[in-house]
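Asks: Take this structure, written in structure tokens, and hold onto it; I'll ask about it next.
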């Protein structure tokens with residue numbers, strides 16, 4: 001019995017065998033989904049995107065144009081990957097030395113956003129709802145709700161789940177100006193109140 005395709009792919013997209021692609025996902029021009037990828041529901045895979053073998057994307061992941069997601073990367077639900085941002089998967093690549101058995105894992109946790117042209121050096125996880133500024137070069141783990149910018153990326157503040165910079169008062173409380181949700185900063189960690 002043949003199963004009905006529940007996602008949309010532009011005719012120029014290449015989708016290799018063994019991929020699992022969720023309902024409502026859209027794959028645009030000249031993108032290549034390599035073998036054994038798992039892509040969740042309602043994702044948007046932009047133009048000229050490469051998703052390497054065994055990559056996992058959760059539901060509602062937005063991948064903008066010209067992004068390569070290499071083996072070892074896992075993106076949880078609601079992740080945003082900005083235009084031309086870059087993942088790596090080997091710490092010390094050399095053309096003449098095969099290091100395919102040394103791919104480092106990178107997890108981008110739920111709700112995180114990575115800005116245009118940012119680079120994520122492999123083996124460094126991005127926390128829930130973290131916000132990586134455009135052009136940042138991430139060389140260490142990023143905490144939940146953290147705002148990081150620059151090269152190398154440095155934390156300059158905290159972000160709400162709606163993507164607004166949080167301004168904490170003297171008691172360690174902040175309110176998102178869009179959602180009205182409250183956050184608490186305690187012992188260097190942000191949590192929703």
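The values are calculated or read from the model by the stated rules, or taken from the named source; none is laboratory data. The structure displayed is predicted, hence computed values, not measured ones. Backbone-built Cβ (ideal geometry, glycine too); neighbour counts: all protein chains shown.
Residues checked against (1) within 20 Å of residue 74 (Cα to Cα); (2) touching a helix residue (DSSP H, G or I) at 6+ places or on another chain (Cβ under 9 Å); (3) part of a strand (DSSP E or B):
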{"residue": "140", "(1), (2), (3)": "yes, no, no"}
{"residue": "152", "(1), (2), (3)": "no, no, no"}
{"residue": "171", "(1), (2), (3)": "no, no, no"}
{"residue": "183", "(1), (2), (3)": "no, no, yes"}
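Asks: For residue 74, which of the numbered conditions (1) part of a loop (DSSP other than H, G, I, E, B); (2) at pLDDT 95 or above fails to hold?
Replies: (1)
Asks: Further question: Quick one: residue 145 ticks every box in (1) surrounded by fewer than 19 Cβ atoms within 10 Å (Cβ to Cβ); (2) more than 18 Å from residue 43 (Cβ to Cβ); (3) in the same structural domain as residue 39 (by TED's automatic domain parsing) bar one, so which box is it?
Replies: (1)
Asks: OK, next. Only one of these conditions is not met by residue 89: (1) touching a strand residue (DSSP E or B) at 6+ places or on another chain (Cβ under 9 Å); (2) modelled with pLDDT of 95 or more. Which number is it?
Replies: (2)
Asks: Output the residue which, of all residues in segment 8-38 that are under 17 Å from residue 48 (Cβ atoms) and either out of contact with any strand residue (DSSP E or B) (no Cβ under 8 Å at 6 or more places or on another chain) or not assigned by TED's automatic domain parsing to the domain that holds residue 57 (or both), is surrounded by the fewest Cβ atoms within 10 Å (Cβ to Cβ).
Replies: Across segment 8-38, the extreme among qualifying residues is 11.
Asks: Against the conditions (1) assigned to a strand (DSSP E or B); (2) more than 30 Å from residue 162 (Cα to Cα), where does residue 18 fall short? Just the number, please.
Replies: (1)
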